[in-house]
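The values are calculated or read from the model by the stated rules, or taken from the named source; none is laboratory data. For clarity, every value in this text was computed on a predicted model and none was experimentally measured. Note that each Cβ is placed from the backbone with ideal geometry, even for glycine, and that neighbours are counted across all protein chains shown.
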Amino acid sequence: MISLAGRDIMHAWGKFVFTGMGLGLLIGITLSMAGIYRGMVDDGKALLDNSGADLWVVQKDTLGPYAEPSSIFDDAWRGILGMPGVARTANVTYLTMQVRQGERDVRTMVTGVTPGEPGTPGWPPYLVAGRQITRGHYEAVADIATGFALGDRLQIRRNHYIVVGLTRRMVSSGGDPMVFIPLKDAQEAQFLKDNDAIRQQRRRTAANPAFNRPQVPDLLNAVIASQSTNAYVNAVLVQIEAGHDANDVAESIRRWKRLTVYTRSQMEEILIGKLIATSARQIFMFLVILSIVSAAIVAFIIYTLTLGKIREIAVLKLIGTKNRTIIALIMQQSIALGLIGFVVGKITATLLMAPIFPKYVLLEPLDSFIGFGAVMVICILASIISIRAALKVDPAEAIGG
Amino acid sequence: MAGKGIRIEGLKKRYGSGDTAVDALKGVEMQVAPGEVVGLIGPSGSGKSTMLKCLGAVIEPTAGRMILGDEVIYDGGWKVKDLRALRRDKIGFIFQAPYLIPFLDVTDNVALLPMLAGKPNAESRKMAIALLKSLDVGHRAKAMPSQLSGGEQQRVAIARGLVNRPPVILADEPTAPLDSERALAVIRILNDMARQFETAIIVVTHDEKIIPTFKRIYHIRDGVTYEEAGEGRDF
Amino acid sequence: MTSLPIQKRTLAMFAVLIPLFVLFVYVALRSGPLAPVSVTLATVENHAITPALFGIGTVEARYTYKIGPTFAGRVNRVNVNVGDSVKAGQELGGMDLVDIDERIRAQDASLKRAKAQLDEAQARLYFAQTQAQRYEKLFTLRATSEELAATRRQELQVAEAGLNAAREEAARIRSEQEALIAQRDNLRLISPVDGLVVARNADPGTTIVAGQAVVELIDPESLWVNVHFDQIHARGLAAGLPAQIVLRSQGGEKGAAGHVFWIEPLADAVTEETLAKVVFDQLPEPLPPIGELAEVNVDLPALPPGPVLPNAAIQRIKSKLGSKLGVWQVKNGELQFTPVTLGTSDLDGRIQVREGLKAGDQVVVYSAKALNTHTRIYVVEHSPGVKQ
């Protein structure tokens, strides 16, 4: 017995493959949606992994430093370093802002890292080009997603930075690429305002008689100087010594330093459970809608193909073709369409969508398997309507009135 | 008659029920011997299509008896369980239009029937090609139906009807689209096949070109048949 | 029987479907989490590292003079403006004299009167002298009484005393006048040194208190850069080391040469910085403004050659025994972590390796993802996606 479905497809293979490709684009978008969700979760995990920290110490009662703003004094690390179980601490600041380079500006998360050696928490753990920061000021390491190249001059607030190194997959939980600069410069960027605002502030301070006393000539300068310094950081990253439990160390910091401390699993929960939750719901809805649309389109295509063959089906039934064979004809076509669609969809998602989409698209093999299964199920279900129509055909119609 | 052939006794078919019922067939009597080609002539609405459909086991008659070969297929109710197999194995159909499957080539269009009957593909194709050759379309065996002329397609359709060597062939206006030369050729083929394979063939037609060739003709009017001797002209 | 006839149509279909399938397999295996990670290798070289320190600072003047009055008063005149060069002793301005001039004139008059009194005392003395002499002579001739002689002698003494008194009175008045003149001079604002006026804080008519500066001067020859070095990166900082000073206004140009003058004994404990003063070997023309930011690179003496690594290669991995610093190496196509002990680094990102590697070893310097021992890798020249 030959495969009627195979023959039918080969006869009009151009149309069939073309239709399959169209379906494939839709499936590709659906797969990419799943990939976008996974990418968002991975962004959060990458952020936590790349910081190299076991604990995050933040302002009391905040969900910082990623989900909420948090400010702690920049000498708080000294007390934390002395606690049992703490191997290394590092101050870190995060600020999402536009960084200008030449004529364009890019939205990035500017991260201030403490000076030290590679391996300090907060530093990018691996590079794809260049080197780590060696000078205490005016150097930057940028993620390639920003589009910057080695040697570019960036402008952050009032200072210029030379890009000395490039990283990959250093992103904030929102997908903004990161730019690492020395901590002191980052502190200045975070809290120091632009020149106009500074002048206004100086004028206001000078107009205040409490600060502008003629008998004490230097008082005004001292007050203005104190307004221009910034002694805050967003978090202290802590690495734990071997053999100590993260929760125990976190608890002791909480108790004695009266700061809020999050372990890795708690931060994951905050990032993924709170920060991404809304987006996850949106994407899930999109996934469902796209799947329904795909199912509807497959059903429509197969129905159209079947209706186009209704005469042949009547003839086939008349000359004695079993119902089974006719069902197989329709269902095999539907499955073949689904196969082509899935192959094209997977290729589209990986080679087209993933590189050009502005957010990170993570396509996992498991998703592909589930997607394949779903496509097959949808194709089979979608063909049921057509099968019912085909089975209802009266073979007598082949015999004219 | 024992052995093969068609025998219809008192076939009735009623559509609908109650006040709106229509009696399409009111007691049809017909018999065709193996090797015989008879004509069935009637105006539209006379019930000839209904009769073909009943005989073709496509619709169920209301009453009567139908015997195909030595098998009673209907006697007040279907006596055969698998009508599809019946159609496949015992009845060959030739339609007004060729109704070839457009996505199968000529050989496979014909070979499809033995394949459906369970014969292996190679053997089915062999049977098909032999038949196509004898119908003078063997040279088109690999072509697709859309590449054939009307006459060639019709001959392929005839081959399809014949390939399973069914004891009965029902032909519905097989020469309607053809000119007289081709029409007579078709009749010639049918007669040859009938003789060769001892097939009983009923040809429903109102084509004046071929009616004279029948030796026996059944007229059907208002659901009842009348037998008549035909001219039996040479072709 | 014959197999399926290969038609052009079938060929065309396979021509489309087979590449599609191949592409699909390629995509499935080579992308996503299953894909191997690209790494770039670097060789450990023997190199003499020139460590350097980097700090930023502001241009300041070593000596700043704030010239102002010692008493509260009103500013009478300011003779200089910002940017003027002044010489030592030059008058920069002056406070309101109020009544000093009048008092000096009064003293003048008093002095004249004292002089006149001195003359008078002088005349009296002369007369007394003459009289005493005469009566002395007369007494020796017994032409007058002893009493008269004694009286004239006494008058002489009185006249002498009177002269002294008048003389001292004149001196006193002169001193008082000099005191007033000194006070008047004090109300003049005089430049103590040759210098440059950098600030003019009050204009004539302004009332200021003692201690407020009217004019601020600096010695332009004494410009230096007050540099902050991160304490972590201040090892080896010592006076006399050569330095390059790049002013903010100079942007990317090569800096001026200078050297470390001294290191402040008091560091900044809040900002965790060491402070040092770096001077220009030759003052740039034109002088940089006070307060301009400068970036300073201090070169430390070169170290003997030894194996060096790019700092991008260094990773810290965590294990049950704690975290270690080291590098990834590719051995037989697989990754292996080699712990290293590091030494000094220079500002170009090279770090000395004390232990763990030798020259010629190959290490992983760039990777597209974080590595672990199970990662599948393939070696590339440059990381994909990086513009060269």
Answer yes if at least one residue in region B:107-116 is buried (at least 20 other Cβ atoms within 10 Å of the Cβ), more than 13 Å from every other protein chain (Cβ to nearest Cβ) and either touching a residue at least 40 places away in the same chain (Cβ under 8 Å) or within 23 Å of B:I211 (Cβ to Cβ) (or both), and no otherwise. no
Across region A:320-349, which residue is surrounded by the most Cβ atoms within 10 Å (Cβ to Cβ) among those that are in a helix (DSSP H, G or I) and among the basic types (K, R)? A:K346
What's the number of the condition A:K184 fails, among (1) free of Cβ contacts under 8 Å to residues at least 60 places away in the same chain; (2) in a helix (DSSP H, G or I); (3) at the interface with chain C (Cβ under 9 Å from one of its Cβ atoms)? (1)
Can you tell me which residue among B:G232, B:G150 is surrounded by fewer than 24 Cβ atoms within 10 Å (Cβ to Cβ) and within 30 Å of B:N121 (Cα to Cα)? B:G150
Could you identify the single residue in A:V238, A:V315, A:V298, A:V288 that is surrounded by 23 or more Cβ atoms within 10 Å (Cβ to Cβ), outside any strand (DSSP E or B) and either more than 14 Å from chain B (Cβ to nearest Cβ) or of a type in the set (D, E) (or both)? A:V298
Somewhere in region C:170-190, is a residue assigned to a loop (DSSP other than H, G, I, E, B), in contact (Cβ under 8 Å) with a residue 40 or more places away in the chain and surrounded by 15 or more Cβ atoms within 10 Å (Cβ to Cβ)? yes
Filtered residues of region A:105-139 (kept if closer than 23 Å to A:R157 by Cβ and of a type in the set (D, E)): A:D105, A:E139
So, B:I41, is that one within 11 Å of another protein chain (Cβ to nearest Cβ), out of contact with any Ser or Thr (no Cβ under 6 Å at 6 or more places or on another chain) and either crowded, with 16+ Cβ neighbours inside 10 Å or of a type in the set (A, V, I, L, M) (or both) or not? no
Restricting attention to region C:23-76, report how many residues are of a type in the set (A, V, I, L, M, F, W, C), out of contact with any Ser or Thr (no Cβ under 9 Å at 6 or more places or on another chain) and closer than 30 Å to C:Q90 by Cα. 2
The lone condition C:G240 fails out of (1) surrounded by 15 or more Cβ atoms within 10 Å (Cβ to Cβ); (2) farther than 30 Å from C:L97 by Cβ is (1)
Please go through region C:365-388 and give me each residue that is within 44 Å of the chain's Cα centre (by Cα), more than 7 Å from every other protein chain (Cβ to nearest Cβ) and at pLDDT 85 or above, ordered by number. C:V365
Restricting the search to region C:361-381, which residues are farther than 16 Å from C:V340 by Cβ and charged (D, E, K, R)? C:K369, C:R376, C:E381
Within region A:36-67, take every residue that is among the acidic types (D, E) and touching a strand residue (DSSP E or B) at 6+ places or on another chain (Cβ under 7 Å) and give me the one that is farthest from the other protein chains (Cβ to nearest Cβ). A:D61
Would you confirm whether any residue within region C:353-373 is more than 22 Å from C:S38 (Cα to Cα) and out of contact with any strand residue (DSSP E or B) (no Cβ under 7 Å at 6 or more places or on another chain)? no
Return the total of residues in region C:35-55 being of a type in the set (A, V, I, L, M, F, W, C), within 14 Å of C:S345 (Cβ to Cβ) and part of a strand (DSSP E or B). 3
Could you run through region B:160-183 and say how many residues are in a strand (DSSP E or B) and touching a Lys or Arg at 6+ places or on another chain (Cβ under 8 Å)? 1
Which condition number does C:T344 fail, the rest of (1) over 43 Å from the mean Cα position of the chain (by Cα); (2) surrounded by 16 or more Cβ atoms within 10 Å (Cβ to Cβ); (3) polar (S, T, N, Q) being met? (1)
Identify, by number, the condition in (1) within 13 Å of another protein chain (Cβ to nearest Cβ); (2) farther than 19 Å from A:V315 by Cβ that B:R140 doesn't meet. (1)
If the requirement is being within 14 Å of the chain's Cα centre (by Cα), within 22 Å of B:G92 (Cβ to Cβ), free of Cβ contacts under 8 Å to residues at least 40 places away in the same chain and buried (at least 16 other Cβ atoms within 10 Å of the Cβ), which of these qualifies: B:V186, B:V204? B:V186
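Please work out which residue is farthest from C:G57 (Cα to Cα), limiting yourself to region C:201-224 and to residues that are more than 14 Å from chain A (Cβ to nearest Cβ) and touching a Leu at 6+ places or on another chain (Cβ under 9 Å).
Among those that are more than 14 Å from chain A (Cβ to nearest Cβ) and touching a Leu at 6+ places or on another chain (Cβ under 9 Å), it is C:L217.
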Subset of region A:131-146 (residues that are surrounded by fewer than 24 Cβ atoms within 10 Å (Cβ to Cβ), within 9 Å of another protein chain (Cβ to nearest Cβ) and within 25 Å of the chain's Cα centre (by Cα)): A:I144
Regarding A:R169, is this residue over 25 Å from C:L293 (Cβ atoms), outside any loop (DSSP other than H, G, I, E, B) and either under 25 Å from the mean Cα position of the chain (by Cα) or without any contact (Cβ under 8 Å) to a residue 12 or more places away in the chain (or both)? no
Subset of region C:118-148, residues acidic (D, E) and more than 29 Å from C:E169 (Cβ to Cβ), comes to C:E136, C:E146, C:E147
Considering residues that are touching a residue at least 12 places away in the same chain (Cβ under 8 Å) and either of a type in the set (V, I, T) or within 8 Å of chain A (Cβ to nearest Cβ) (or both), the number found within region C:310-352 is 19
Members of region A:1-30 found to be in contact (Cβ under 8 Å) with a residue 40 or more places away in the chain and either within 12 Å of chain B (Cβ to nearest Cβ) or on the phi > 0 side of the Ramachandran plot (or both), listed by number: A:M1, A:S3, A:L4, A:A5, A:G6, A:D8, A:I9, A:F16
Take the conditions at pLDDT below 90 and either surrounded by fewer than 24 Cβ atoms within 10 Å (Cβ to Cβ) or out of contact with any Phe, Trp or Tyr (no Cβ under 9 Å at 6 or more places or on another chain) (or both) and apply them to A:M109. Does it pass? no
Complete set of residues in region C:293-309 that are surrounded by fewer than 22 Cβ atoms within 10 Å (Cβ to Cβ) and within 14 Å of chain A (Cβ to nearest Cβ): C:L293, C:E295, C:N297, C:D299, C:L300
Residues in region A:159-171 that are surrounded by fewer than 23 Cβ atoms within 10 Å (Cβ to Cβ) and more than 10 Å from chain C (Cβ to nearest Cβ): how many? 1
